[in-house]
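Engineer: Below: one structure in structure tokens.
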Amino acid sequence: MPNHDDRHAAFLDRVQRGEKIEATDWMPDEYRIAMVKFLQMHALSELMGALPEKEWVPRAPTLARKLSLMAKVQDEVGHAQLILRVAEDLAAPLGKGREELVAELFTGEAKFHNVFHMPAPTWADAGIIGWLVDGAAVVSQAALLTSSYAPYARVLQRVCAEEGFHIQHGESICLALAEGTPAQRQMLQDALNRWWEALLLFFGPPESNSPSAAVLFKYRFRTKTNEELRQKFLTKYVPRIWALGLTIPDPQLRFDEEAGRWVYTPPDWSKLKAIARNQGPLSQYRLGLRRLSYEQGRWVREALLAPAAQAV
Amino acid sequence: MALGAHPRFRVYEIFVQKDHQSPHVWVGSVDAGSAEDAILLARESFLRRDPAVSIWAVEQSAIHRTDYADRDFFARETDKRYRTLAGYRAANAERWRKYRRELLDLERDFVRD
């Protein structure tokens, strides 16, 4: 039996050569813990991401819009289920189950994505979330399709395919508003103004020095930096936003041909610190909604757990 | 080794058959209290859009598996070309070439008939 250091070195060598890791493989605790933390946050973010849009389901302007928004909200909750399933297998040897992974959201031990702490006060916000927030999500998730952890990469294939639908759905809402009345155009422009900083914050600060990020890079779980992902997002979406005749609320924004990169006014990075403490604009409100649905759904979980007793 | 889930839920591996011409294909897993619930959850998780004719739910603990580390089991040390199309195609094409004229004449005869 090789000793732990040899196994660790062999594992590191495997992932750095591009080999994929499966749930049943031996893995260092450092890898397992970092994976659980990342997957838990991704799953909870899918769950929390459904909330800002769910607010618009009862107020959607037409039945067709209501149906497509409901489909999207249901997809997000479905993604949470798929990712939680992968996280559970990883967390089991740490003595952590599904219940804990979900409930740690309420104690603040587990985080949800910074973008879902923001308000969505108008119908245009629902459109911008579908088009640009999901657009940003696909940029970061597509970069993880080659992740070293194979069970997650497999689930992401389905997630990314469905996010593609969400983007089309969001584009459809935004295009309708952009081609609508002056008031509708203004509503879209206001929503873009509200979301622009959040879209830059989405990918995190350019130099992420956090120890947990370093672990993700070391084990080839991720390979693209926050700034690389943000630049990719800007390249894809800035021209589309401009093509609709919308104004991006940053006079400094331009593509630097020589440097081959977008120059932009940095967002207020300190906002991410407040959000990480669940002190963002709607952090507590959304956590309250989540807690309510968790409590109201308790009887369903309990009923699902006791089918044998019911069958008698 | 059994992969864990919530101690009271069981993990079911899900296989979906999209039509009668296709085999059941593994799509993922769900947590459920019973096989019946697992099939219901599988439909909600994996078939919100795609059509299908059948779902299998198999309790994960019932699956016998190979170990990913056991590479020897899947080793391909010997040349397997003698079992494949590629092992013959190029050589056959080369040899058919000298019969080409004859073949064309014959085909023309058949067409005329």
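Every number here is computed from the coordinates shown, using simple stated rules; none is lab data. Given the structure is predicted, the values throughout are model-derived calculations rather than measurements. Note that each Cβ is placed from the backbone with ideal geometry, even for glycine, and that neighbours are counted across all protein chains shown.
Engineer: Do any trypsin sites (Lys or Arg not before Pro) in the stretch A:31-95 lie in a loop, going by DSSP, with at most 15 other beta-carbon atoms within 10 Å of their beta carbon, and if so which?
Structural biologist: Sites meeting the loop and neighbour criteria: A:R59.
Engineer: So which residue, out of A:S212, A:S283, A:S293, gets the largest mean-square fluctuation from a GNM of chain A using Cα contacts under 10 Å as springs?
Structural biologist: A:S293
Engineer: Another question, then. Which ³J(HN,Hα) values, rounded to whole Hz and listed in residue order, are derived for the stretch A:174-185 from phi using the Karplus coefficients 6.51, -1.76 and 1.60 in 6.51 cos²θ - 1.76 cosθ + 1.60 with θ = phi - 60°, glycine and proline given as x?
Structural biologist: 5, 5, 4, 5, 5, 9, x, 6, x, 5, 5, 4
Engineer: Whole-Hz ³J(HN,Hα) for each residue in the stretch A:3-20, computed from phi via Karplus 6.51 cos²θ - 1.76 cosθ + 1.60 with θ = phi - 60°, x for glycine and proline: what do you get?
Structural biologist: 6, 4, 5, 5, 4, 4, 4, 5, 5, 4, 4, 4, 5, 6, 7, x, 6, 9
Engineer: Could you give the alpha-carbon Rg of chain A over 2.2 N^0.38 Å, rounded to two decimals?
Structural biologist: In units of the 2.2 N^0.38 Å rule of thumb, it is 1.06.
Engineer: Still on this structure, I have one more. Please go through the stretch A:241-312 and write out the GluC sites (Glu not before Pro) that DSSP classes as loop and that have at most 15 other C-beta atoms within 10 Å. Before the final figure, lay out the partial values.
Structural biologist: Values: sites: A:E257, A:E258, A:E295, A:E302; in loops: A:E257, A:E258.
Passing sites in the stretch A:241-312 are A:E257, A:E258.
Engineer: Using a Förster distance of 35 angstrom, determine the FRET efficiency expected from the C-beta separation of A:A150 and A:D190, and round it to 0.05.
Structural biologist: Efficiency for this residue pair is about 0.20.
Engineer: Same structure again: Put a dot 7 Å past each Cα toward the Cβ at A:R240 and B:R65; how far apart are the dots in nm?
Structural biologist: About 3.7 nm, to one decimal.
Engineer: Which percent of Cα-Cα pairs in the stretch B:30-113 sits in each 5 Å bin, short to long?
Structural biologist: For the stretch B:30-113, the pair-distance distribution reads 3, 10, 10, 8, 8, 7, 8, 9, 8, 8, 8, 8, 5, 1, 0.
Engineer: Treat each spin label as a single point 7 Å out from the Cα along the C-beta direction, and report the A:Q296 to B:E107 distance in nm.
Structural biologist: 7.0
Engineer: Right, next: So what are the ³J(HN,Hα) numbers for the stretch B:8-21, from phi and the Karplus equation (6.51, -1.76, 1.60; θ = phi - 60°), rounded to whole Hz, Gly and Pro as x?
Structural biologist: Karplus values, whole Hz, x for Gly and Pro: 9, 8, 10, 8, 10, 7, 10, 10, 10, 10, 7, 7, 6, 7.
Engineer: Across peptide B:27-37, what mean number of C-beta atoms from other chains lies inside 10 Å of a residue's C-beta? Intermediate values should be presented prior to the final figure.
Structural biologist: Numbers: counts 3, 8, 6, 3, 8, 3, 10, 7, 1, 2, 4.
Across B:27-37, the average partner-chain Cβ count within 10 Å equals 5.
Engineer: On to the next question. What is the distance, in nm, between label points placed 7 Å from the Cα along the Cα-to-Cβ direction at A:L282 and at A:T24?
Structural biologist: With each label point 7 Å from Cα toward Cβ, the separation is 4.4 nm.
Engineer: What ranking of A:M187, A:M70, A:M35 emerges when the number of other C-beta atoms within 10 Å of each C-beta is taken as an exposure proxy, fewest first?
Structural biologist: Final ranking by Cβ density, sparse to dense: A:M70, A:M187, A:M35.
Engineer: Given a cut-off of 24 Å, name the pairs among A:K20/A:K236; A:K66/A:K224; A:K37/A:K224; A:K37/A:K273 whose C-alpha atoms lie farther apart than that in the structure shown.
Structural biologist: A:K20/A:K236; A:K66/A:K224
Engineer: Restricting to DSSP loop positions (anything but H, G, I, E, B) with no more than 12 other Cβ atoms inside 10 Å of their own Cβ, which chymotrypsin sites (Phe, Trp or Tyr not before Pro) remain in the stretch A:242-312? Let's see the in-between values first.
Structural biologist: Values: sites: A:W242, A:F255, A:W262, A:Y264, A:W269, A:Y285, A:Y294, A:W299; in loops: A:Y264, A:W269.
Passing sites in the stretch A:242-312 are A:W269.
Engineer: Using a 10 Å cut-off on Cβ to Cβ distances, tally the other chain neighbours for every residue of A:82-88 and report the average as a whole number. Each step should come with its number before you reach the end.
Structural biologist: On the way: counts 6, 0, 2, 8, 2, 0, 8.
If you average over the peptide's residues, the count of other-chain Cβ atoms is 4.
Engineer: So, one more: I'd like the mean, over residues of B:41-49, of how many other protein chain beta carbons sit within 10 Å of each residue's own Cβ.
Structural biologist: Whole-number average of other-chain Cβ neighbours for B:41-49 is 3.
Engineer: Now, a different point. Whole number please: convex hull volume per residue, Cα atoms of the stretch A:118-170, in Å³.
Structural biologist: Working: hull volume 3.7 nm³, N = 53.
Expressed per residue, the convex hull around the Cα atoms of the stretch A:118-170 is 70 Å³.
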